[in-house]
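Just below is one structure, and these are the notes that go with it.
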Amino acid sequence: MTISARNISWSIGGQTIVNDVSFDIVPGEFFGIIGPNGSGKTTLISLISGLRKPRNGHVNLFGEPMASLAKRQISQRIALVEQHAETTERITARQAVELGRTPHLGALTPWSQADDAIVDAALREVKMSTFAHRLWYTLSGGERQRLHIARALAQQPEILILDEPTNHLDVGHQLGLLELVRQQRDLTVIAALHDLSHAAMFCDRVAIMHGGRLVVLGPPAEVLTTKVITDVFGVSAEIERGDDGELQIRYRRPKPHRPQLQLVQSV
Amino acid sequence: MTTATASWTKRSGAVFAALVMLIIALWLGAAIGETAIPMDIVAKTVANRLWSAGYPLEPLDEGIIWNYRLSRAVVAACCGAALGLSGVVLQSLLRNALADPYILGISAGASTGAVSVAILGVGGGLLTLPIGAFAGALLAFGLVSLLAVRAGSGTNAIILAGVAGSQLFNALTSFIVTKAANAEQARGIMFWLLGNLSGVRWEDVGQSFPVALAGLLVCLWHARALDAFTFGTESAASLGIPVRRVYVVLIGVSALMTAVMVGIVGSIGFVGLVIPHAARMLVGVRHGVLLPASAMTGAVFMIVADIVSRIILPGQVLPIGVITALVGAPAFAMILTQKKARA
């Protein structure tokens, strides 16, 4: 197992954000975490990526308790791409990707040609080589997010964790980015997603979060049912299975809100 | 790829150029003053003192150069380097282009700590002035960050909290000085508070040089960690940086450097703000080069500011803080408007 979560919980100010969640991530899979806003996805992501320690339960990374590992050891195996990481520094695209080498370099380790080669490869992988010398603030949202992916790849992790990576992108860039991640060989991917169609399209397994709890876990075709969608997201939907096995999710417009007070009489 | 060797030669060239600049600045600092002393006399004095070269010189000239001007220029350099480094660290860790020890109230806190020890006798003789200043600096930064956290997450919260903190600690300093010092002490302290290098001697070099050098080395050790803060603390943590430890060490070092310099020359504003921006324009944002570049730029800038403060009003010495503020305040305005344009 790569990451195993055992009964992990996290709370703040008396409110439980993640409640008794357990799962095992299979090597090489694309694991989606889905759920409505406030269901605890982002907190769960920070717990399994080692940024926060669970209040209860524990997380194991390749069989070792995460709590016993140094930050640096964790970051050599797990790379994280956040929702919206920004900077006002005048850094170039390439410099942003170079940050990915940080976990592998000590204070006195010089930057090597091997590091250069890894950064070049990561830039090629996300098709941003020609943008290497552009300044960060001149790039579009989609380009920036691809660079974050490249930075994560330059970390040479075994596990890539993404927190709603496509949040600020248009639909073309959303699909392109997820496909790019999907194509990475030998990489285990864990992604918080809020678009169910994306989850259905790209994930091998999905975990559905609701109110801090993990309510269902399994392949999208099995767990994404009209009942689950109604119970968890509060919307009614129709699900069709295409000939190629692809799920099509269609939402129905919510019923119009009826005013509580009505005119008693109008003449 | 041959970029590694190319950048190595480029880098050693830059280091060499920076050292030459620094030596020229020190040289000018020793030569220029109320009575100008020729450059060759300066060189001969240094040779006499360091290597007992035995050049026959006017004892008065030699005394002025060695005991007054050169020690003063070296302290100015250390002070400028330390403030420049503090500015880089604070701007990177707080991710705020306007952060600097003066604006965040750290200098004001250090002043209060220093006068508490010097005038009120806090610590009963056990505390030295730099320790008092350090305690004041840490206390001020603690209060300012607490206030900023309470005020909310906006990037301007810490700057506004710094304004409040500076006002509070400056008021406390004035209160202590007015209440406890005699008229002559008060005049001296008020002059010192605006930043003043007169009266600086070689003993002060013994204090400021090791602190500036140690500060530079500690910051350089953390250069990659500082780079990792480019996209924020979460991102730094996910790159394996022990965020809390780096904060404690680097904020502590900045406060220490600021406190020691305030203890010697008073609180000098805007150097920590302007120097990192100037250095970024020269060498870019990578801390491995930005830190030494800021230290060098800060050192040269302070020596030049000190020279200007001595000659701009004939027969009078202007507090150096006035010069740095005259340069720094417009620069502050420029950074502020630029930031808005890019956001």
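The values are calculated or read from the model by the stated rules, or taken from the named source; none is laboratory data. All values derive from a computational prediction rather than experimental measurement. Heads up, the Cβs are rebuilt from the backbone with ideal geometry, glycines too, and the neighbour counts pull from every protein chain shown. Please note that ligands, DNA and RNA were not included when accessible areas were found on the heavy atoms of the full protein model with its side chains. Shrake-Rupley method; radii C 1.70, N 1.55, O 1.52, S 1.80 Å.
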* Projected onto the charge dipole of the protein assembly as shown (+1 at Lys/Arg Cβ, -1 at Asp/Glu Cβ, origin at the Cα centre), which of A:LEU160, B:ALA118, A:GLY172 gives the Cα projection farthest towards the positive end? -> B:ALA118
* Taking H placed 1.01 Å from N in the peptide plane, check which residues at least 5 places from B:PHE270 or on another chain put their amide H under 5 Å from its amide H. => B:TYR102, B:ILE103
* Asked: Rounded to the nearest 0.05, what FRET efficiency is calculated for B:ALA331 and B:LEU19 with R0 set to 30 Å and r the Cβ-Cβ distance?
  -> 0.75
* When a/c is below 1.5 the answer is rounded, else prolate if a/b is larger than b/c, else oblate, so apply that to chain B with a ≥ b ≥ c taken from the square roots of the Cα gyration tensor eigenvalues. => oblate
* Asked: For segment A:211-238 and segment A:143-197, what is the separation of their C-alpha centers, rounded to whole Å?
  -> 23 Å
* **Per-residue mean of C-beta atoms belonging to partner chains within 10 Å, peptide B:235-247** => 6
* Estimated dipole of the protein assembly as shown in Debye, rounded to 20 [Cβ of Lys and Arg +1, of Asp and Glu -1, Cα centre] -> 720 debye
* Which peptide among A:44-54, B:122-132 comes first, and what is the full order, when sorted by highest mean count of other Cβ atoms within 10 Å? -> A:44-54, B:122-132
* To do: Report the net charge of residues surrounding B:ALA17, where surrounding means a beta-carbon distance below 12 angstrom and charges are Lys +1, Arg +1, Asp -1, Glu -1.
  => +2
* Given +1 on the Cβ of Lys and Arg, -1 on the Cβ of Asp and Glu, and no further charges, what dipole in debye does segment A:88-154 carry about its Cα centre, rounded to the nearest 20? -> 220 debye
* Asked: Hey, what's segment A:1-97 come to in accessible area per residue, 1.4 Å probe, Å²?
  -> 42 Å²
* Nitroxide proxy distance, nm - points 7 Å out along Cα→Cβ at A:ASP204 and A:MET1 -> 1.5 nm
* Structure fact -> Scalar couplings 3J(HN,Hα) for segment A:44-54 by Karplus 6.51 cos²θ - 1.76 cosθ + 1.60 (θ = phi - 60°), nearest whole Hz, x for Gly and Pro, are 4, 4, 5, 6, 7, 8, x, 6, 10, 9, x
* Asked: If you count, for every residue in B:225-233, the Cβ atoms of partner chains within 10 Å of its Cβ, what is the mean?
  -> 5
* **Shielding of A:81-87 by partner chains, average beta-carbon count, 10 Å** => 4
* Sorted by average packing, counted as other Cβ atoms within 10 angstrom per residue and highest first, what order do B:271-280, A:32-41, B:171-180 take? -> B:271-280, A:32-41, B:171-180
* Calculate one ³J(HN,Hα) per residue across segment A:232-248 by plugging θ = phi - 60° into the Karplus curve 6.51 cos²θ - 1.76 cosθ + 1.60, and present them in order as whole Hz with x for glycine and proline. => 8, 9, x, 10, 8, 9, 10, 10, 10, 9, x, 5, 7, x, 6, 7, 10
* Asked: Any idea how many Lys pairs in chain A come in under 23 angstrom at the alpha carbon, given 8 or more places apart or on separate chains?
  -> 5
* Structure fact -> If each part is reduced to its alpha-carbon centroid, segment A:96-119 and segment B:22-79 end up apart, in Å, by 45 Å
* Structure fact -> Expressed in angstrom and rounded, the centroid-to-centroid distance over alpha carbons for segment B:215-269 and segment B:142-183 is 21 Å
* Kindly provide the helix-only [θ] at 222 nm of chain A, computed as the sum of -39,500 (n - 2.57) over DSSP H runs of four or more divided by all residues, to the nearest 500 deg cm²/dmol? => -8500 deg cm²/dmol
* Considering the alpha-carbon set of segment B:119-196 alone, what are its Rg and its Dmax in angstrom? -> 14.9, 45
* Among bridges DSSP assigns within the protein assembly as shown, what percent are antiparallel (round to 5)? -> 55 percent
* Asked: Helix A:141-154 versus the longest principal axis of chain A: what angle, 0 to 90°, nearest 10, using Cα atoms?
  -> 50 degrees
* **A:ASP20 paired with B:PHE209, simple spin-label distance in nm, labels 7 Å along Cα-to-beta-carbon** => 6.8 nm
* Asked: In debye, nearest 20: dipole of chain B around its Cα centre with unit charges on the Cβ of K, R (+) and D, E (-)?
  -> 980 debye
* Tally up the carbon and sulfur contribution to the accessible surface of segment A:88-154 as a whole percent, 1.4 Å probe, everything protein left in place. => 55 percent
* Between B:LEU194 and A:SER68, what is the FRET efficiency for a Förster distance of 60 Å, r being their Cβ-Cβ separation, to the nearest 0.05? -> 0.65
* Structure fact -> Expressed in square angstrom to the nearest 10, the accessible area of B:LEU256 with a 1.4 Å probe stands at 70 Å²
* To do: Can you work out the accessible area per residue across segment B:25-342, with the rest of the protein chains kept in place, probe 1.4 Å, in square angstrom?
  => 43 Å²
* Show that you can apply the helix-only estimate: for chain B, add -39,500 (n - 2.57) for every DSSP H stretch of four or more residues, divide by all residues, and state [θ] at 222 nm to the nearest 500. => -25000 deg cm²/dmol
* Got a sec? Which residues of segment B:266-311 lose 10 Å² or more of accessible surface with every protein chain in place, vs. that chain alone, 1.4 Å probe? -> B:ARG280, B:VAL285, B:ARG286
* Structure fact -> Result for interface chain A to chain B, accessible surface buried in total, 1.4 Å probe, Å² to 100, stands at 2600 Å²
* Asked: With every protein chain left in place, what is the accessible area of A:SER197 in Å² (1.4 Å probe, nearest 10)?
  -> 30 Å²
